[in-house]
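The values are calculated or read from the model by the stated rules, or taken from the named source; none is laboratory data. Values in this document were obtained by computation on a predicted structure and should not be read as measured data. Cβ placement follows ideal geometry from the backbone for every residue including glycine, while neighbour counts extend to all protein chains displayed. Just the protein is used for accessible areas: all its heavy atoms, side chains included, with ligands, DNA and RNA removed. Shrake-Rupley method; radii C 1.70, N 1.55, O 1.52, S 1.80 Å.
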Amino acid sequence: MSEAEKRNKTRPELLIPASSLEVLKVAVIFGADAVYIGGEAFGLRAKAKNFSMDEIREGILFAHDHGAKVYITANILAHNEDLEGVRAYFEELRPLRPDALIISDPGVFTIAGEVCPEIDIHISTQANNTNYGTFQFWHALGAKRVVTARELSLEELKEIRRRIPAELEMETFIHGAMCISYSGRCLLSNFFTGRDANRGACTHPCRWKYAVVEETRPGEYLPVYENERGTYIFNSKDLCMIEHVPELVESGIDSFKIEGRMKTALYVATVARTYRRAIDDYLSDPELYHGHMDWYLDQISNCTYRQFTTGFFFGKPDSSSQIYDSNTYEKEYTYLGIIGGQNADGLYRIEQRNKFSVGEMIEIMKPNGENTKVQVKRILNEEGEEMASAPHPKQVLYVDIGQSAADKYDILRRKC
């Protein structure tokens, strides 16, 4: 059997983002083989909640206890003043033994190799990895994995796989938000707000509404239209490859990466559960995968998204990949909270995320694919006082939804 055939028989990794320790645990329970997280510095999601060292330690222990891996992002494009801090940060991370560091900057790469050579290094998509020569370059320097640029077609990915060493892993984004700029190398945020997208502080100006001003008529804003459909000219649809799992598996991609390190637990659970089942179904029996397609498509639309596209996988995107009339998400469900166990009276503890009331019908979302409708019978606050509703975000509550209805880490949600 050839190396390509052997690789095609291998189960690809499902790599899920986590914005917090709570979301990391949900990702693992709902099917992630690995999660990627950011510490409190040097990652490209400064607005994400990110992890303290204690949370990183707990997250790694939890993931490893459940057979999953943890990768930590350190993928800023570093300036001179960053380098001493990077070295100190890696020295703190070293004893925690994350499974890999995700890096884009050669200087940061060098420091990681000096400080923690026993930790694998993955090369971030921010490094613009668009050809097999780049992959070979990073492999020669000791990288374990390279994340492909999002601008590559499926045929280009296959050629890279054919031309790189079998032991060099290839990771590819298959779902989530698409950046308007090449491999995320955007300057708009820095120009407009002084917050640098390449140092973790993007304000997402690609989602904003734009107009044109003619220099002799200041203050007169002329709308920008594309076929009279709207003015959100940079606003891309979200990537979704749930209908193309066979092509992804057969291409030899080692890790299927989901975008979304600022997303909620509901989003993470929904996407992880759907892709987990799709991958497993296909590897078990391709006919099973095709037979469940309606379920995948229904489930993947249960979380927030901006319509779907296949990105660059089957050729360069055209105008149908953009959303010109709006910058809002589609939303079918509201996230209510995560089951955290039961008290002595059999009520479930949750930290509430959105308002719900006694008497409402809600759903319990389970890792195995089941969605169970239940009625909220009682709501108590931490002091044991009865409440008619739960109006305060992040309030700790105890709810009666039936004593055998839920398990720890199940998600509570409500149809919009």
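Count, please, the residues in the stretch 30-76 that happen to be aliphatic (A, V, I, L, M), closer than 21 Å to residue 270 by Cα and modelled with pLDDT of 90 or more. Quick ask: steps written out before the conclusion?
Looking only at the stretch 30-76, we keep the residues that are aliphatic (A, V, I, L, M), and these are 32, 34-35, 37, 41, 44, 46, 48, 53, 56, 60-61, 63, 68, 70, 72, 74, 76.
Narrowing further to those that are closer than 21 Å to residue 270 by Cα: 32, 34-35, 37, 48, 63, 68, 70.
Those still in the list that are modelled with pLDDT of 90 or more too: 32, 34-35, 37, 63, 68, 70.
Going through the stretch 30-76 one residue at a time, the tally reaches 7.
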Step by step: first the residues of the stretch 335-371, then only those that are among the acidic types (Asp, Glu) and in a loop (DSSP other than H, G, I, E, B), then the one that is surrounded by the most Cβ atoms within 10 Å (Cβ to Cβ). Which residue is that? 360
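Here is a yes/no grid of residues against (1) farther than 30 Å from residue 277 by Cβ; (2) out of contact with any Ser or Thr (no Cβ under 9 Å at 6 or more places or on another chain); (3) surrounded by 12 or more Cβ atoms within 10 Å (Cβ to Cβ); (4) modelled with pLDDT under 65:
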residue	(1), (2), (3), (4)
208	yes, yes, yes, no
212	yes, yes, no, no
223	yes, no, no, no
236	no, no, yes, no
The one condition residue 287 fails out of (1) without any contact (Cβ under 8 Å) to a residue 12 or more places away in the chain; (2) open to solvent by less than 10 Å² (accessible area, probe 1.4 Å) is (2)
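Out of 88, 127, 78, which single residue is in contact with a strand residue (DSSP E or B) (Cβ under 9 Å, 6 or more places away or on another chain) and hydrophobic (A, V, I, L, M, F, W, C)? Don't jump to the end; show me each part of the working.
Details: 88 fails: in contact with a strand residue (DSSP E or B) (Cβ under 9 Å, 6 or more places away or on another chain); 78 fails: in contact with a strand residue (DSSP E or B) (Cβ under 9 Å, 6 or more places away or on another chain).
It is 127.
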Residue 146 is checked against (1) without any contact (Cβ under 8 Å) to a residue 40 or more places away in the chain; (2) over 30 Å from residue 314 (Cβ atoms) and fails just one. What number does that condition carry? (2)
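Going by what's in this entry, would residue 202 be described as modelled with pLDDT under 85, under 30 Å from residue 98 (Cβ atoms) and within 23 Å of the chain's Cα centre (by Cα)? Spell out the reasoning first.
On the way: modelled with pLDDT under 85: yes; under 30 Å from residue 98 (Cβ atoms): yes; within 23 Å of the chain's Cα centre (by Cα): yes.
The answer is yes for residue 202.
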